[in-house]
Amino acid sequence: MTPTSTASPTAPRLISYACLALSMTLVGCYVALSKPLAATFPVLLLAWLRFGIAALAMPHWLRKPPDEPPMTARTRFLVFLESFLGNFLFSIFMLFGVRMTSAVSAGVIMAAIPAVVAIGSWLFLRERVGTRVVLAIGCAAAGIGLLALAPHPTHASGAGAAPALPWLGNLLVFCAVVCEAAYAVIGKSLTGRLGPRRISALINLWGFVLSLPFGVVLAWHFDFAAVPLAMWALLVVYALAASIWTVWLWMTGLKGGVPASQAGVFTVMLPVSAALVGVFVLGESLSWLQSMAFAAALAGVVLATWPARGTPQPRRTE
């Protein structure tokens, strides 16, 4: 897929950068916009609907390419584990978490993903952790610590929602970060065995199966007619963005010749977009402590993902 012309590579590289930035921007947006969805639908029903809508949109991605080797038992187990941790549990923790805390706070905590991925890679893949990564982990910890000190107004998350519990919501969002880090580490083993489209389709299908019993029971007692049309539209966008668009954009950006280590810098767009949606769309406030936490978190993202000379460290996010 490399261009055969001798034109300057500047334009293709800029397109790749745009795809990577848009992918991470969409992740931050759907993390923030899942807050009103979690206030409208029961969380486990919302997860089931998300996986179901995405499954209807990409059945052709399940087809095995002719040049792909048959899946071994280990590969099948890794696919299941990838879905259970990085799709199913990630969605549950994240949806419950943003229901109890603010989108701004969720964005700050999600900025810890590169640092937690680095720790997971060190523990399970024996990758070297450099000085900058250690500093990034410290920045992430400082950001989350400052967030814990920030005042949180007591409010309900919507009709029928549980009372806001910022500390518990922040903890659940951090659990989602750990699940995403596991997703990234397992994904490094899977990408050499399966194509990105098939991985996306398979783990989404497993997410649908895992949430099926909860979804069916909750759907039986849920009043779907009471859900506004605008919320249905948001649900469809959320499902497509979370399971299809972000993955496709990310892989397209990497295909354009951008090193994975350099592409990791674009994860900075995740907390930025989540916070901006929280402030300008959901009407949340940004206190000075949250601003300091946000700055520390962004510094940690850049430190953890900025490419070092001659030592690329691949990153994979949702």
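The values are calculated or read from the model by the stated rules, or taken from the named source; none is laboratory data. Fair warning: this is a prediction, and the values are worked out from it, not measured in the lab. Virtual Cβ from ideal backbone geometry, glycine too; neighbours counted across all protein chains shown. The accessibility values were calculated without ligands, DNA or RNA, using every heavy atom of the protein model including side chains. Shrake-Rupley method; radii C 1.70, N 1.55, O 1.52, S 1.80 Å.
Restricting to segment 45-78, give me the number of residues that are among the hydrophobic types (A, V, I, L, M, F, W, C) and open to solvent by less than 10 Å² (accessible area, probe 1.4 Å). Adding up the residues that qualify gives 6. Candidates Gly264, Gly278, Gly283: the one that is modelled with pLDDT of 75 or more and assigned to a helix (DSSP H, G or I) is Gly278. Of the residues making up segment 49-61, one or more are at pLDDT 75 or above, within 16 Å of the chain's Cα centre (by Cα), over 17 Å from Cys175 (Cβ atoms) and of a type in the set (D, E, K, R).
I'm checking my understanding of the structure. Among residues of segment 217-256 that are touching a residue at least 60 places away in the same chain (Cβ under 8 Å) and of a type in the set (Gly, Ala, Ser), which one is farthest from Glu180 (Cα to Cα)? Within segment 217-256, the match that is farthest from Glu180 (Cα to Cα) is Ala219. Just one of (1) under 14 Å from the mean Cα position of the chain (by Cα); (2) of a type outside the set (Val, Ile, Thr); (3) at pLDDT 90 or above fails for Ala32. It is (3).
Filter segment 1-15 down to the residues that are assigned to a helix (DSSP H, G or I) and at pLDDT below 80 and list them by number.
Quick first cut of segment 1-15, residues assigned to a helix (DSSP H, G or I) only: 10-15.
Thr10, Ala11, Pro12, Arg13, Leu14 - these are the residues of segment 1-15 that are assigned to a helix (DSSP H, G or I) and at pLDDT below 80.
Quick check on Ser211: is it touching a Phe, Trp or Tyr at 6+ places or on another chain (Cβ under 6 Å) and polar (S, T, N, Q)? Talk me through it step by step, then tell me what you get.
Working: touching a Phe, Trp or Tyr at 6+ places or on another chain (Cβ under 6 Å): yes; polar (S, T, N, Q): yes.
In short, yes.
Of the listed requirements (1) surrounded by fewer than 23 Cβ atoms within 10 Å (Cβ to Cβ); (2) at pLDDT 85 or above, Leu146 misses just one: (2).
Of all residues in segment 102-142, those satisfying the criterion of being outside any helix (DSSP H, G or I) and either open to solvent by 10 Å² or more (accessible area, probe 1.4 Å) or at pLDDT 85 or above (or both) are Ser102, Leu125, Arg126, Glu127, Arg128, Val129, Gly130.
Selection of segment 207-221 for residues being open to solvent by 10 Å² or more (accessible area, probe 1.4 Å) and within 17 Å of Phe93 (Cβ to Cβ) yields Leu210, Phe214. Assess whether Ile186 counts as being closer than 26 Å to Tyr17 by Cα, in contact with a helix residue (DSSP H, G or I) (Cβ under 7 Å, 6 or more places away or on another chain) and at pLDDT below 80. Here the answer is yes, as Ile186 does meet what is asked.
Just checking, how many residues over segment 79-101 are charged (D, E, K, R) and open to solvent by less than 10 Å² (accessible area, probe 1.4 Å)?
We begin by selecting, within segment 79-101, every residue charged (D, E, K, R); these are 82, 99.
Then keep just the ones that are open to solvent by less than 10 Å² (accessible area, probe 1.4 Å); that gives 82.
Number of matching residues: 1.
Under the condition of being under 17 Å from the mean Cα position of the chain (by Cα) and at pLDDT 90 or above, which residue from segment 68-84 is farthest from Leu49 (Cα to Cα)? Ranking the candidates gives Leu81 first.
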